[in-house]
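Colleague: The structure under discussion is supplied below as structure tokens; questions concerning it will follow.
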Amino acid sequence: MRTPKNILVTGGAGFIGSNFIRYILKKSEFDGTIVNVDKLTYAGNPLNLVDIEEEYGNKRYFFEKIDICDYEKIKETFKRYSIDTVTHFAAESHVDRSIFGPRDFVDTNITGTFNLLEAARECWVGREDVLFHHVSTDEVYGSLGEKGYFYEKTAYDPHSPYAASKASSDHLVKAYYHTYGIPITISNCSNNYGPYQFPEKVIPLMIINMMEEKPLPVYGDGKNIRDWLFVEDHCNAVWLILKKGKSGETYNIGGDNEWQNIRLVELLCERMDVIKNKKKGYYQKHITFVKDRPGHDRRYAINCDKIKSELKWKPMVGFKDGIDTTIYWYTNNNKWIEDIKSGIYRKWIELNYGKREVSLK
Ligand code: NAD
Ligand code: TYD
């Protein structure tokens, strides 16, 4: 069992990274230091960690605004904070954006990961008490038909530029283990949801559109399937891997919780009807089917028996409870939403989605 002391969290101002920092500082037995390295792109929001900054800032929590593509600064950070554990979340993470502009995905997800690995190679010579954990996605495995699951041994078959860049970074991480003996682990997780998720992803986008009485845009026929996991369950899985994961191994993480997009949106509408005291069916009327995403993967479903049996992990949050928690969080955090909407996010949405075809259900 490892005891991480000085953890470098990359992308800690984003959705999962900020939840992870909060999780390990507040809900785990971790008593070391966290250094959050984040470039603060459109998706990195310092507001995600105001409470952490207040309670732990410059004591056990340190923030460094650094681009992971800047090798010298990354290496300097490794040395200055005596980093013994990397938890690498930083990425360009949205499939739709990767279709419109893949360059940032190649830069951050591939070159950025390469830089971190190089810093580990230089700073961790001869050390076995260290670990480089790479956070990845089930999208590297491609798309499933009606049956079957992704296993850790499933051959990679990425379809979007996002998935291809993540697949590439996974391969680099594995290569550094085999070639240079850097202790590494990788996790490939299904779709996360929960507080602090940037509202371009489907669940917060639908919740906020309902709050604003706007159309709820479902891509294509709405029958694409995703497996959903509450973000805190993902954080717990990553924490277990940092402590007990075996070097060189990959762990799949998922919720055993497959939903067709249209059913998911209907569920969100039903819960919102109740929470907002509306008549049954009020929000469902806002569902609109829109032009499909190019190359839209049909189904993701993940087998996570390995992490369950080897690390004794299991998801703890039921889907309906997780969805209610998420809806309450967004409806109670208007300032967070307004802050995002006044920035680049809105301009980007208008630029890319302003003209798309919308057909009423
Ligand atoms: P996010 O987009 O919310 O956050 C990404 C963070 O990385 C942001 O804070 C951003 O500022 C930072 N970042 C981007 N480029 C950077 C750079 N060049 N240098 C430093 N920081 C940079 O993403 P997320 O949803 O929290 O995902 C985190 C990780 O988890 C990603 O690696 C993603 O591939 C993986 N993942 C996400 C999901 C999901 O459902 N969201 C599922 C499985 C895996
Ligand atoms: P998303 O949250 O973008 O995650 P990912 O593409 O990584 O799975 O999308 C989840 C699913 O929801 C995906 O099948 C696309 C679909 N979707 C919509 O139907 N409408 C939307 O507005 C968005 C953003 C996604």
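Colleague: Rounded to the nearest 0.05, what FRET efficiency do Asp129 and Glu310 give with R0 = 25 Å and r taken as the Cβ-Cβ distance? Could you check?
Modeller: E(calc), rounded to 0.05, equals 0.75.
Colleague: Can you work out the accessible area per residue across the chain, with the rest of the protein chains kept in place, probe 1.4 Å, in square angstrom?
Modeller: Result: 44 Å² of accessible area for each residue.
Colleague: Greater than 23 Å separation of Cα atoms is the criterion. Which listed pairs, Lys166/Lys335; Lys27/Lys243; Lys5/Lys75; Lys153/Lys312, meet it?
Modeller: Lys166/Lys335
Colleague: Given H placed 1.01 Å from N in the peptide plane, which residues other than close sequence neighbours of Arg299 have an amide H under 5 Å from its amide H?
Modeller: Leu144, Ile225
Colleague: Additional query: Between Lys65 and Ala175, how many nm apart are label points set 7 Å from Cα along the C-beta direction?
Modeller: Result: 3.3 nm between the two label points.
Colleague: Report the paramagnetic label zone for Ser28: residues of segment 154-189 whose backbone N is under 20 Å from a point 7 Å from Cα along the Cα-to-Cβ axis.
Modeller: 183-189, by backbone N distance to the label point.
Colleague: Quick one: ranking Thr10, Thr3 by accessible area, 1.4 Å probe, largest first, what do you get?
Modeller: Descending accessible area places them as Thr3, Thr10.
Colleague: Express the carbon and sulfur contribution to the solvent-accessible surface of the chain as a percent, rounded to the nearest whole number, probe 1.4 angstrom.
Modeller: Taking all protein chains in place, the chain shows 51 percent carbon and sulfur surface.
Colleague: Using the basic label-point model (7 angstrom from Cα toward the beta carbon), what is the Tyr328 to Lys147 distance in nanometres?
Modeller: 4.2
Colleague: For segment 248-271 and segment 86-101, what is the separation of their Cα centres, given in Å?
Modeller: Value for the Cα centre distance between the two parts: 19 Å.
Colleague: Within segment 20-100, report the trypsin sites (Lys or Arg not before Pro) that DSSP leaves as loop and that have at most 10 other Cβ atoms within 10 Å.
Modeller: Listed in order of number, the matching sites are Lys59.
Colleague: Using only Cα atoms, find the angle between the long axis of helix 71-80 and the longest principal axis of the chain, and express it within 0 to 90 degrees, rounded to the nearest 10.
Modeller: Once rounded, the angle reads 60 degrees.
Colleague: Can you give me the Cα centroid spacing of segment 139-191 and segment 7-58 in angstrom?
Modeller: Cα centroid to Cα centroid, the span is 25 Å.
Colleague: Straight-line reach from Lys59: which aspartates and glutamates fall under 16 Å, measuring Cα to Cα and dropping same-chain residues less than 8 apart?
Modeller: Hits, sequence-local ones excluded: Asp31, Asp51.
Colleague: In segment 171-268, which chymotrypsin sites (Phe, Trp or Tyr not before Pro) are in a loop and have at most 12 other Cβ atoms within 10 Å, using DSSP for the loop call?
Modeller: none
Colleague: Next up: Counting other Cβ atoms within 10 Å of each Cβ, which GluC sites (Glu not before Pro) in segment 189-227 have at most 14 and sit in a DSSP loop?
Modeller: Answer in residue order: Glu212, Glu213.
Colleague: Measure up Lys278/Lys320; Lys73/Lys341; Lys65/Lys174 against 29 Å on the Cα-Cα distance and list the ones that go over.
Modeller: The pairs that break the limit, which is 29 Å between Cα atoms, are Lys73/Lys341.
Colleague: Suppose R0 equals 22 Å; then what is the FRET efficiency for Asp221 and Asp157 from their Cβ-Cβ distance, rounded to the nearest 0.05?
Modeller: The formula returns an efficiency of 0.45 here.
Colleague: Full extension from Phe100 to Met211: what is 0.36 nm times the residue separation minus their Cα-Cα distance, to one decimal in nm?
Modeller: 37.2 nm
Colleague: To the nearest 10 degrees, how steep is helix 113-123 against the longest Cα principal axis of the chain, on a 0 to 90 scale?
Modeller: The helix 113-123 is inclined about 20 degrees to the chain.
Colleague: Now for a different question. Which angle between 0 and 90 degrees, to the nearest 10, do you get for helix 231-244 versus the longest principal axis of the chain when only C-alpha atoms count?
Modeller: Approximately 20 degrees, to the nearest 10.
Colleague: Within segment 53-88, name every residue whose backbone N is under 16 Å away from a label modeled 7 Å from Cα of Lys335 along the Cβ vector.
Modeller: Only 53-55 fall inside the zone, counting backbone N under 16 Å.
Colleague: Report the charge-dipole magnitude of the chain in Debye, nearest 20, computed about the Cα centre from +1 at each Lys and Arg Cβ and -1 at each Asp and Glu Cβ.
Modeller: With only Lys, Arg, Asp and Glu charged at Cβ, the dipole is about 600 debye.
Colleague: Also, quick follow-up: Go ahead and run the numbers for FRET between Asn277 and Lys246, Cβ-Cβ distance against an R0 of 45 Å, rounding to 0.05.
Modeller: Calculated transfer efficiency: 0.35.
The values are calculated or read from the model by the stated rules, or taken from the named source; none is laboratory data. The structure presented is a predicted model; accordingly, all values stated were derived computationally and were not measured. As a convention, Cβ positions derive from the backbone with ideal geometry for all residues, glycine included, and neighbour counts pool all protein chains shown. These area figures cover heavy atoms from the full protein model, side chains too; ligands, DNA and RNA do not enter into them. Shrake-Rupley method; radii C 1.70, N 1.55, O 1.52, S 1.80 Å.
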